[in-house]
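Each remark here refers to the structure printed beneath this line.
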Amino acid sequence: ADGRIVPYTTSSGTSYVDPTILSFLRSRGILVIPTVANIIDGVWDGAVVSGIIADPQRLAGHVNALVNLAVAGSYDGIDLDYENLRASDRAAFTSLVEQLATALHAQGKLLTVNVYAKTSEPGTWDGPQAQDWWAIGQAADQVRIMTYEYSWSTSPPGPVAPANWVNDVIAYAVSQIPAAKILQGIPFYGYDWVGQRGTDLVWTRAMDLASQFGVPLRWDSASESPWFEYVDGRARHTVWFENASSVAAKLDVTRVHD
C-alpha cells in the first residue's frame, strides 16, 4: 500500500527470479521484462492501487520503485498488470502510465501495459473503464490486450475467447492504439463448469475427460471453439477449451488487423 514492490515467491518462500533462466535469455538477446501485478494473497486488489495513484506522494514513490526495479535488475523494462481498478481511477491510472513511461524511457527502458478487452470506450464495467486506451497507447511501448475471459469461472458456460469477439476487440484496438504496439492475448486454457462454477483446465485435461467419459467433441462455428458435455454421478459438466483450430482462428485475427 505504500508503493513498494514486493517479490513474488513460491509457497515455500523461494523467489521466482531465477538467475540461470535470466542468464539464458540474455545470452540469446531476448528481452527480459518482469510483470508487476496487484495480486495480494491470491486476489487482484484494485483498492491498493487506487490508494497509491490517488496520492501524488505515494504515486511518485511507486514510479521510482518501478524504475529502480528495472535498473537494479538490469531488466529491459516493466510490464504493468494492474487489474480490478475502479472506473473513477481512470485519470489517475493514465497519469501513472504517463509518468512511468517518461521515467523508464529516460533510463532507456520499455513500458508494457496490460488492459482488459473492450469494443468501445469507456467499456462495460469498472475494469476496462479505468483504462483509457488512447492515452495508454500514446505513452506505453506495448499494450497487451487480455482477449480472453469472455466466459469465466463464475459465468454461464461458454467460449473463453470467441474468435468473432476477439476480432471486434482488435478492430477497435487498432482505431485507438498504434497497431505496432498491440499484443493480442491468446488463451491456452478452458473451464469445466457445473452450473455457473467453472474449474480451469488445459487441453490435455479436456481431452482426457472426453476420452474417460466417452463423449464426442463438438465445434461451435460462431465462436470457433471446441466444447463437450459429460455426466459424472449426478452432475452435468460443460467444458469449453482451446485447441489448435481455435487458436489458429485467433491468430487469423492478428493477421487480418496487422
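With a cut-off of 8 Å between alpha carbons and a minimum separation of six or more residues, what is the relative contact order of the chain in percent?
13
Label-point separation (nm) for LEU69 and THR204, each offset 7 Å from Cα along Cα-to-Cβ?
3.0
Would you mind calculating the relative contact order of the range 164-258 from Cα pairs under 8 angstrom and at least 6 residues apart, reporting the percent as a whole number?
On the way: 127 pairs, mean separation 30.7, N = 95.
Reported as a whole number, the value is 32 percent.
Can you list the HN-Hα couplings for the range 122-127, worked out from phi with the Karplus curve (6.51, -1.76, 1.60; θ = phi - 60°), rounded to whole Hz and with x for Gly and Pro?
x, x, 9, 8, 4, x
Compare the Cα positions of GLY158, ILE170, THR112 along the charge dipole of the range 109-170 (+1 at Cβ of Lys, Arg; -1 at Cβ of Asp, Glu; about the Cα centre) and return the one farthest towards the positive end.
The Cα lying farthest towards the positive end belongs to THR112.
So which trypsin sites (Lys or Arg not before Pro) in the range 1-65 pass both tests, a DSSP loop state and at most 13 other Cβ atoms within 10 Å of the Cβ?
Taking the range 1-65 and a limit of 13 other Cβ atoms within 10 Å, the loop trypsin sites (Lys or Arg not before Pro) found are ARG4, ARG28.
Quick one: dipole size for the chain, taken about the Cα centre, charges +1 on Lys/Arg Cβ and -1 on Asp/Glu Cβ, in debye to the nearest 20.
240
Within 13 Å, Cβ to Cβ, of SER246, how many net charges do the neighbouring residues add up to if Lys/Arg are +1 and Asp/Glu are -1?
Values: positive: ARG218, LYS250; negative: ASP220, GLU224, GLU242, ASP252.
Neighbour charge sum, excluding SER246 itself: -2.
I want to check the label-to-label distance for GLU121 and ILE30. Put each point 7 Å from Cα in the C-beta direction and report it in nm to one decimal.
If labels sit at GLU121 and ILE30, their model points lie 3.6 nm apart.
For TYR148, what is the net charge nearby, where nearby means another residue's Cβ is under 11 Å from its Cβ and Lys, Arg count +1, Asp, Glu -1? Don't skip to the end; give the middle numbers.
On the way: positive: LYS250; negative: GLU149, GLU242.
Local charge sum for TYR148: -1.
Sorting THR14, THR112 by accessible area (1.4 Å probe), largest first, what list results?
THR14, THR112
So what's the back-of-envelope 222 nm ellipticity for the chain, counting only DSSP H runs of four-plus at -39500 (n - 2.57) apiece and dividing by all residues, rounded to 500?
Here the helix-only value at 222 nm equals -11500 deg cm²/dmol.
Extension gain HIS105-SER155, at 0.36 nm per residue separation less the Cα-Cα distance, in nm? All intermediate terms of the calculation are to be shown ahead of the outcome.
On the way: separation 50, 0.36 × 50 = 18.00 nm, distance 4.03 nm.
My answer for the length gained is 14.0 nm.
Determine the distance separating the Cα centre of the range 205-222 from the Cα centre of the range 1-58; give it in Å without decimals.
The distance from the Cα centre of the range 205-222 to that of the range 1-58 comes to 37 Å.
The values are calculated or read from the model by the stated rules, or taken from the named source; none is laboratory data. Because the structure is predicted, anything quoted here is derived from the model rather than measured. Please note: Cβ atoms are built from the backbone with ideal geometry, for glycine as well, and neighbour counts cover all protein chains shown. Just so you know, the surface numbers come from the protein's heavy atoms only, side chains and all, with ligands and any DNA or RNA stripped out. Shrake-Rupley method; radii C 1.70, N 1.55, O 1.52, S 1.80 Å.
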